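Just below is one structure, and these are the notes that go with it.
The values are calculated or read from the model by the stated rules, or taken from the named source; none is laboratory data. As the structure is a prediction and not an experimental result, all values here were calculated from the model. Here the Cβ is made from the backbone with ideal geometry for all residues, glycine too, and neighbour counts use every protein chain on show. Ligands, DNA and RNA are excluded from the accessible area calculation, which covers all protein heavy atoms including side chains. Shrake-Rupley method; radii C 1.70, N 1.55, O 1.52, S 1.80 Å.
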Amino acid sequence: MHNQDAIEAFRKIFEDDAQVVASAPGRVNLIGEHIDYNGGSVMPFAIPQRVYVAACTDESEHVFAHSAALAKDGRFPLDVASPTEPRGWENYVQGMVHELRAVGVQLPGAKLWIGGDLHPGCGLSSSAALCMAIGYALAKLAGVDVAPVKMALAGQAAEHKFAGTPCGIMDQYISCHGKADHALLIDCNKLTHEYVPFHADGVCVLAIPSGVKHALSSGAYEARVRACQRAMAVITQAYPEITSLHQVSREQLEACRTQLDDESYLRARHAVTEVARVADAVAALKAGEFERMGTLLWQTQDSLRDDYEVSCPEIDELIGVLRACGPVLGARMIGGGFGGVVIALVPTDRADEVEDEVKTRYYSPNNLDEQMFRVVPSAGAGADAV
Ligand code: GLA
């Protein structure tokens, strides 16, 4: 999809001309899962698939939104203070309007066409991309530059307050800061980042939908956040200098083992070992050592399954297929868990072989009609005047 497609689609729906077009990408996360809300570093990259928003101002004090993916319309006043029920796609639009106004952006009434090639619920962070595309379109209409970190925080607040998802900052942050040929190492405590070159000559990343839809707002994600907080409450008793789980060493965690309930111990063990794997992965990527990178992906998968307990039988089955497939250097589930997408790092000249294997050993037996795709690091969100 391109800006021009969004402009034409806007005209068909609203019989009016768009003044701005914004777009924002989804993401895959190479490594650092369930680490953002524990203050550590994560290393995602933005993918080519994007949410597009074409928009123009409206003289009323209202926002009119059309979702092309869902073929639905919504309308609400600019001073929306709380999410309408039942919760759905419209809440993300309301959330961004509310959060941008909360940071002082004077928004005009607006008409928004929302579409793109990153589909709702695809497991590649479509909701964060939706929020960022809406945010950039609205800010452009208002004639205001909102710094990317501020936009990411507005998106996270919109998810918390309007969508009911207590997510971390990773997805919004990468959607704003993505860059071609680079992964992004985000320090989620300081909200700073470093670009790590990822040309992936010779290797590629396959995004493989598991066919299982995940629902982040379900309680399982929140339960993980709470278990990490419980672990922190115990650990800081023993080590008052520690302010965030990502600072805890394995020795410190083990020293607190007897005071921790089993659940919070296991969740914290994932966080502590994952923080170390991220550091290793950055070194591996910088050195172009993709076999080492692959080994770290397998290890993260094991930790997500055994310690964080966010895998599910279908993901385990898909990972089993990939493990048995010779060319795969490493693979793991990404995102919140319980379904969604698996990434696999594979030599580019053997990617076809891996795709065939997934089709015959996972998709066909399970009657799934999913599309795998090869993802490359791509540009972040932005808006243009038409
Ligand atoms: C979801 C959340 C992110 C992050 C991941 C797990 O994608 O939106 O903030 O916590 O899960 O790493």
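Which entries in K12/K111; K140/K161; K111/K150 show an alpha-carbon gap greater than 21 Å?
Pairs exceeding 21 Å: K140/K161; K111/K150.
What residue among H270, H199, H177 shows peak mean-square fluctuation when the chain is described by a Gaussian network model with Cα springs under 10 Å?
Answer for the Gaussian network model of the chain: H199.
If the elastic network links every pair of Cα atoms under 10 Å, which of C325, C131, C204 fluctuates the most in the Gaussian network model of the chain?
Of C325, C131, C204, the most mobile in the Gaussian network model is C325.
Give me the distance between the Cα centres of the stretch 71-132 and the stretch 301-327, rounded to whole Å.
34 Å
Measure of size requested: the Rg and Dmax of the stretch 30-75, with Cα atoms as the atom set and Å as the unit; please supply both.
17.6, 46
Return one quarter of the surface area of the convex hull spanned by the alpha-carbon atoms of the stretch 202-267, equal to its mean projected area, in nm². Walk me through the numbers before you get to the answer.
Values: hull surface 29.2 nm².
For the stretch 202-267, averaging the hull's shadow over all directions gives 7.3 nm².
By the scheme Lys and Arg +1, Asp and Glu -1, what is the net charge of all other residues having a beta-carbon under 14 Å from that of V146?
Working: positive: R101, K140, K150; negative: E99, D145.
With Lys, Arg at +1 and Asp, Glu at -1, the neighbours total +1.
How large is the charge dipole for the chain, taken about the Cα centre, if only the Cβ atoms of Lys, Arg (+1) and Asp, Glu (-1) carry charge, to the nearest 20 debye?
It comes to approximately 480 debye.
Thinking of the stretch 290-384 as a set of Cα atoms, what percent of all their pairs are more than 22 Å apart?
30 percent
Using only the Cα atoms, work out Rg/Rh for the chain, with Rh taken as the Kirkwood radius, to two decimals. Display every interim value, and only then the final one.
Values: Rg = 20.9 Å, Rh = 21.3 Å.
With Rg and the Kirkwood Rh in hand, the quotient comes to 0.98.
Per residue, how many Å² of accessible area does the stretch 185-246 show with a 1.4 Å probe? Before the final figure, lay out the partial values.
Working: 2970 Å² over 62 residues.
For the stretch 185-246, the per-residue accessible area is 48 Å².
Using the Cα atoms as the points, what is the convex hull volume per residue of the stretch 203-373 in Å³?
Looking at the stretch 203-373, the number lands at 117 Å³ per residue.
So what does the Cα-only Debye profile of the stretch 127-243 read at q = 0.10, 0.17 Å⁻¹, as log10 I(q)/I(0), no solvent term?
-0.44, -1.09
When the accessible area of the chain is split by element with a 1.4 Å probe, what percent falls to carbon and sulfur?
49 percent
Given the rule -39500 (n - 2.57) for each run of at least 4 DSSP H residues, summed and divided by the residues of the chain, what is its mean residue ellipticity at 222 nm, to the nearest 500 deg cm²/dmol?
-12500 deg cm²/dmol
Based on the Kirkwood radius over alpha-carbon pairs, what is the Stokes-Einstein translational diffusion coefficient of the stretch 81-120 at 4 °C with 1.567 mPa s viscosity, in µm²/s?
Numbers: Rh = 11.7 Å.
D, rounded to a whole number, is 111 µm²/s.
Taking springs between alpha-carbon atoms closer than 10 angstrom, which of S264, S244, S41 fluctuates most in the Gaussian network model of the chain?
Maximum among the listed residues: S244.
In Å, what Rg and Dmax follow from the Cα atoms of the stretch 50-112?
Taking only Cα atoms of the stretch 50-112, I get Rg and Dmax of 11.3, 32 Å.
Based on the Cβ-Cβ distance from I242 to A385, what FRET efficiency comes out when R0 is 56 Å, to the nearest 0.05?
Approximately 0.70, to the nearest 0.05.
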